[in-house]
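Note sheet for the following structure.
The values are calculated or read from the model by the stated rules, or taken from the named source; none is laboratory data. Computed from a predicted structure; not experimentally measured. No Cβ is skipped: glycine too gets one built from the backbone with ideal geometry, and neighbour counts run over all protein chains shown.
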Amino acid sequence: MSEFNAQWQGQLAHLGAIKVTGVDTKKYVQGQVTCNVDSLSPEHWTYGAHCDFKGKMWNFFTAFYWHDALYLLCDQDVIPGALSELKKYGVFSKVEITDASAELAIIGAANESPINTELFTDIESTDKSVVPTHTHVRLTLGSESSQRHIIISTDLSLVDGLTDGSSVWQALDIQAGIGSITSATSNEYVPQMLNLQALDAIDFKKGCYMGQEVVARTKYLGKNKRAGYILTAPTEYDIEVGELLEVQLGDNWRRSGQVLSRGVLDGQTWLFAVLPNDTQSGTDLRVKSQPDIIVTTQALPYSLDA
């Protein structure tokens, strides 16, 4: 399943969720992440990152409130390490931080997909909105013709019979300029290297949090020399996350960057990779371990100066 249409739906098996509960949830997480969870309303979600003291990301997530908990939706592969780091100072606060992935069905859905229209009949939503019910919650990405949804439910039977749509969903994320952090790339990049400033995932006015000094210096002193880029290949290729990319200089090839995520849509391979921030659209690169595979950079859907 590599096509996307108005009726598309699929299980997002690559995603999981960290759940934070307790009276100190807002205060504790606020001091750990780049986004402002203190001012986040239950009606909206936000992107965010959790960094070490050097500003390197342990995790990149989508944060939202549901019932009495804060959820951090992220790549399931990164959760063991990210969970350990997020819990590190939790012993001093009244919080409980757990991996809630096994408790949730996580589904991607287009506007007219059966599961979306059945669970959320006539309930409209806008970009970054959260629509909750007792057993389900819908997060909306994009608007109008590009709108799609993540539906999360405590009813695990919702995924019965659904095809895994992770590859298509990741391709759609990449088209939107959204990367990801997995165990292969955790603790390697500062948030601006994934363009998180352009995704409103960094609140530069919220005050102190883990890695805040480095993130602020990167912005105000122009220290960052790398950024996230979209790349495509015209056919489907098996390219692993963490693969190195090379650019040609004369007769030689030199390391240029690393693949952070991959998806397949309509028979094309889509990659999100960190490259030098002066890389031009239309630049050809090759996969180091598979030098016959050439991928080409595409224009980003936002400004890196945002």
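So the values come out like this:
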item	result
Filtered residue count, the range 14-60, keeping only those that are assigned to a loop (DSSP other than H, G, I, E, B), closer than 16 Å to Leu73 by Cα and of a type in the set (A, V, I, L, M)	2
From the options Asp278, Asp292, residue that is of a type in the set (Asp, Glu), over 22 Å from Trp169 (Cβ atoms) and not in a loop (DSSP other than H, G, I, E, B)	Asp292
Glu236 being under 22 Å from Met193 (Cβ atoms) and touching a residue at least 24 places away in the same chain (Cβ under 8 Å)	no
Test: Thr235 is crowded, with 16+ Cβ neighbours inside 10 Å and β-branched (Val, Ile, Thr)	no
Lone qualifier among Gln197, Gln258, Gln192, Gln248 - being over 26 Å from Leu15 (Cα atoms) and either among the small types (Gly, Ala, Ser) or surrounded by 12 or more Cβ atoms within 10 Å (Cβ to Cβ) (or both)	Gln248
Qualifying residues in the range 210-222 (those that are in contact with a Lys or Arg (Cβ under 9 Å, 6 or more places away or on another chain) and outside any loop (DSSP other than H, G, I, E, B)) - the one surrounded by the fewest Cβ atoms within 10 Å (Cβ to Cβ)	Arg217
Residues that are out of contact with any Ser or Thr (no Cβ under 9 Å at 6 or more places or on another chain) and surrounded by fewer than 15 Cβ atoms within 10 Å (Cβ to Cβ), drawn from the range 271-293	Asp278, Ser289, Gln290, Pro291, Asp292
Near pairs, Cβ below 6 angstrom, 6+ apart or cross-chain, from the range 166-179 (on the phi < 0 side of the Ramachandran plot) to any residue that is at pLDDT 95 or above and part of a helix (DSSP H, G or I)	Gly179/Leu194
The range 76-93 residues that are under 18 Å from Asp24 (Cβ atoms), paired with ones that are among the hydrophobic types (A, V, I, L, M, F, W, C) (beta carbon under 6 Å, 6 or more apart)	Leu83/Ile18; Glu85/Trp58; Leu86/Ile97; Lys87/Ile97; Gly90/Ile97
Filter result for Tyr229 (buried (at least 19 other Cβ atoms within 10 Å of the Cβ), farther than 24 Å from Leu40 by Cβ, among the aromatic types (Phe, Trp, Tyr) and in contact (Cβ under 8 Å) with a residue 12 or more places away in the chain)	yes
Filtered residues of the range 164-185 (kept if surrounded by fewer than 22 Cβ atoms within 10 Å (Cβ to Cβ) and either over 13 Å from the mean Cα position of the chain (by Cα) or acidic (Asp, Glu) (or both))	Asp164, Ser167, Asp173, Ser183, Ala184
When residues of the range 223-273 are limited to those that are among the small types (Gly, Ala, Ser) and not in a strand (DSSP E or B), the one farthest from Trp169 (Cα to Cα)	Gly250
Test: residue in the range 35-42 that is closer than 22 Å to Arg138 by Cα, in contact with a Pro (Cβ under 9 Å, 6 or more places away or on another chain) and surrounded by fewer than 20 Cβ atoms within 10 Å (Cβ to Cβ)	yes
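Let's see how each residue does on (1) out of contact with any helix residue (DSSP H, G or I) (no Cβ under 8 Å at 6 or more places or on another chain); (2) not aromatic (Phe, Trp, Tyr):
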{"residue": "Tyr209", "(1), (2)": "no, no"}
{"residue": "Arg217", "(1), (2)": "yes, yes"}
{"residue": "Leu244", "(1), (2)": "yes, yes"}
{"residue": "Val259", "(1), (2)": "yes, yes"}
{"residue": "Val264", "(1), (2)": "no, yes"}
{"residue": "Thr283", "(1), (2)": "yes, yes"}
{"residue": "Arg286", "(1), (2)": "yes, yes"}
{"residue": "Ile293", "(1), (2)": "yes, yes"}
{"residue": "Thr296", "(1), (2)": "yes, yes"}
